[in-house]
Amino acid sequence: MKIFVDTAELDEIKEANSWGILDGVTTNPSLIKKAVRKRENIDMEEYIKEICRVVDGPVSLEVIGLTRDEMVAQGELLYEKFNPVNDNVVVKIPINTSSPKSTGGEYEGLKALKDLSSKGIPTNTTLIMKPEQALLAAKAGTRYVSPFAGRIDDFIRNNVGLTRGEDYPKSAYHNADWLRHASYLKLKPRYEELEGNDLAGIYFDEEVNRVKESISDEGIYTGAAAVSSINQIFSNYNFDTEVLAASLRNSRQVREVAEAGADVSTIPFHVLKEMIDHYKTEQGIISFSEDVVSEYEGIFR
Ligand code: G3P
């Protein structure tokens with residue numbers, strides 16, 4: 001699996017790159033906003049050029065237009081301006097730009113993808129929330145599709161009345177725990193009727209499966225499951241498009257999308273760090289260091 005860092009923060013990109021495991025970078029307008037807010041008088045063009053220079057791998061830069069013509073023109077501009085720096089620019093296009101608040105059309109993203117692909121400009125289709133969107137983007141010739149695993153989980157949890165921050169922490173993005181929690185909330189009233197019943201009983205597979213089905217988003221019940229489904233579809237039809245798992249919230253979620261066969265994971269810097277940390281590793285290094293005897297130390301002199 002390739003590892004991209006999901007940030008526009010140059011220091012984080014440089015640090016992740018120094019680890020020797022970095023294959024690329026993804027940015028979006030929200031990540032750029034965070035980087036800009038930290039700096040005064042940023043020279044945006046130079047800043048983006050520096051990101052492209054630092055990493056020898058794809059750097060996704062997103063358009064801001066909502067119509068086909070705007071997105072194609074902006075995609076070309078991004079490519080012309082920044083690709084010469086290190087030949088690594090990928091243009092990020094939302095799969096669908098229509099919303100009650102926007103003037104974008106329902107199929108504009110798809111049309112822009114097709115246009116840019118035909119011109120040989122690589123694209124990363126963003127805001128993928130279900131496998132059918134990924135299938136259409138692949139048909140339009142996109143190089144990457146980005147299923148937003150964390151936001152898919154948010155949406156499904158919202159279906160059962162759970163809100164991030166209030167009902168579950170950002171660290172709780174993995175299948176078993178959240179399904180159990182959802183099952184608990186759904187089934188609690190019934191179990192409370194049966195006084196003295198052990199609540200652990202609600203974790204029976206049958207119950208969990210029933211709840212899972214009732215809360216899914218048309219059969220997708222986690223972000224990792226969406227990644228797995230897209231992967232299956234692409235391999236059924238030999239699409240070259242790569243599955244780029246995005247909106248990842250913690251290290252265990254990275255594990256799940258890796259198990260689901262994601263070609264790439266784009267990972268926030270703090271999650272990359274979390275992937276390395278383990279209490280027992282820390283304990284281990286302390287005891288190894290304490291156990292070094294002079295006889296052994298001698299061979300290193
Ligand atoms: O790669 C997409 C990502 O930046 C969105 O992440 O955490 O805002 O859903 P998040």
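The values are calculated or read from the model by the stated rules, or taken from the named source; none is laboratory data. The structure displayed is predicted, hence computed values, not measured ones. Cβ sites come from the backbone with ideal geometry, for glycine too, and all protein chains shown count toward neighbours.
Each residue in the range 39-93 was checked for being farther than 16 Å from residue 24 by Cα, among the acidic types (Asp, Glu) and not in a helix (DSSP H, G or I), and 2 of them qualify.
Scanning the range 221-251 for residues that are surrounded by fewer than 20 Cβ atoms within 10 Å (Cβ to Cβ), more than 15 Å from the ligand (Cβ to nearest atom) and either of a type outside the set (S, T, N, Q) or modelled with pLDDT under 95 (or both) returns 233, 237, 239, 240. For the range 83-134, the set of residues classified as more than 16 Å from the ligand (Cβ to nearest atom) and in contact (Cβ under 8 Å) with a residue 60 or more places away in the chain consists of 88, 122, 131, listed by residue number.
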